[in-house]
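The values are calculated or read from the model by the stated rules, or taken from the named source; none is laboratory data. Note that the structure is predicted; figures quoted are calculated from it, not measured. Virtual Cβ from ideal backbone geometry, glycine too; neighbours counted across all protein chains shown. With ligands, DNA and RNA removed, areas are computed over all heavy atoms of the protein, side chains included. Shrake-Rupley method; radii C 1.70, N 1.55, O 1.52, S 1.80 Å.
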Amino acid sequence: MKKNLMMNKMEIIGYLGYFIILFVERTLALILSINHGEDYSLASRNVLPFITYSFTFISVLLSLIFLPKILIIFFKNLFSKEELDFAPHYKYITITSIVVLLGGMMHTGFTLGLLQFLGYGFLIISFLIRTIKKIKEGNGRFDCIIELIYLIFFSMTIPVCYITYLNGIQMVLFYIVEFITTLTLLFIFGKMMYSFLNKGEEVFSIIYFIVMLVLCSLTIGLKWIDEINVFVLMFVILSSIAYIINASYCLIRKKKNC
């Protein structure tokens with residue numbers, strides 16, 4: 001019982017760390033991005049900073065609406081001797097997570113990348129605790145682990161919206177594709193996260209996988225001449241490997257069952 005209670009509190013701490021760290025970092029970005037960051041600052045003559053700043057502002061504003069409820073629930077239960085039943089709150093947790101993450105996907109003049117990764121690390125802790133619980137509930141160990149790995153890899157394929165120094169129509173096309181990719185994959189990741197927290201059946205949706213491959217390929221390809229997005233490219237490859245491993249495992253398992 002004590003072990004389960006400790007894991008329950010760790011899951012709460014994971015979400016709290018993610019929400020608070022990323023919200024604080026993005027709030028600082030709004031305040032300090034006016035003159036910081038050269039081409040990414042609002043004081044520059046580039047159009048993109050106004051767009052990324054606007055999305056960051058929307059993210060922080062929506063966070064102020066969604067966060068209080070979930071923070072009250074978490075802090076109230078963090079110091080309780082009883083376990084928090086996460087199930088009724090998974091949908092709200094997912095929506096709030098994506099709302100906060102929207103701002104994190106916008107590169108602003110003031111950005112603390114390490115702090116962002118730390119915040120996301122706390123979210124991964126919650127995912128890990130949830131995976132352990134699912135295994136204890138009788139779900140297959142391999143199914144749960146590969147699901148966790150794929151979800152994390154997939155989330156890393158969501159591109160941060162950066163400036164490009166391409167010219168003309170290629171620049172305009174890149175920005176359109178970049179924002180479509182980021183917003184679409186954020187929505188898909190939210191769907192996958194909610195599925196992961198509940199059942200897990202839609203995590204390995206082939207539609208989500210194909211959309212990710214197509215959009216990320218376009219985003220990476222259009223900027224290839226200017227700069228290769230090695231980070232996204234690496235996680236597209238890793239996500240593909242994880243997806244293929246799971247698909248192969250499912251195929252073999254079905255054959256055995258036959």
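Points worth noting:
- For region 58-80, a residue qualifies if it is under 20 Å from the mean Cα position of the chain (by Cα) and either farther than 12 Å from residue 30 by Cβ or touching a residue at least 40 places away in the same chain (Cβ under 8 Å) (or both), and the qualifying residues are 58, 59, 60, 62, 63, 65, 66, 67, 70, 71.
- Against the criterion of being open to solvent by less than 50 Å² (accessible area, probe 1.4 Å) and part of a helix (DSSP H, G or I), residue 172 does not qualify.
- Scanning region 87-103 for residues that are closer than 18 Å to residue 239 by Cα and free of Cβ contacts under 8 Å to residues at least 40 places away in the same chain turns up nothing.
- Test: residue in region 118-136 that is touching a residue at least 60 places away in the same chain (Cβ under 8 Å), out of contact with any strand residue (DSSP E or B) (no Cβ under 7 Å at 6 or more places or on another chain) and not in a helix (DSSP H, G or I): no
Yes/no matrix, rows are residues, columns are (1) under 20 Å from the mean Cα position of the chain (by Cα); (2) open to solvent by 10 Å² or more (accessible area, probe 1.4 Å):
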site: 113; (1), (2): yes, yes
site: 125; (1), (2): yes, yes
site: 128; (1), (2): yes, yes
site: 140; (1), (2): no, yes
site: 181; (1), (2): yes, no
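- Tabulated pairs, region 222-234, first within 16 Å of residue 163 (Cα to Cα) and in a helix (DSSP H, G or I), second among the β-branched types (Val, Ile, Thr) and open to solvent by less than 90 Å² (accessible area, probe 1.4 Å), C-beta under 7 angstrom, 6+ apart or interchain: 222/177; 232/157; 232/220
- The residue that is most open to solvent (accessible area, probe 1.4 Å), among those in region 142-169 that are of a type in the set (A, V, I, L, M) and within 14 Å of the chain's Cα centre (by Cα), is 149.
- Scan region 43-54 for residues that are surrounded by 19 or more Cβ atoms within 10 Å (Cβ to Cβ) and under 20 Å from the mean Cα position of the chain (by Cα) and the total you get is 2.
- Yes/no for residue 219 being touching an Asp or Glu at 6+ places or on another chain (Cβ under 6 Å), surrounded by 13 or more Cβ atoms within 10 Å (Cβ to Cβ) and closer than 30 Å to residue 110 by Cα: yes
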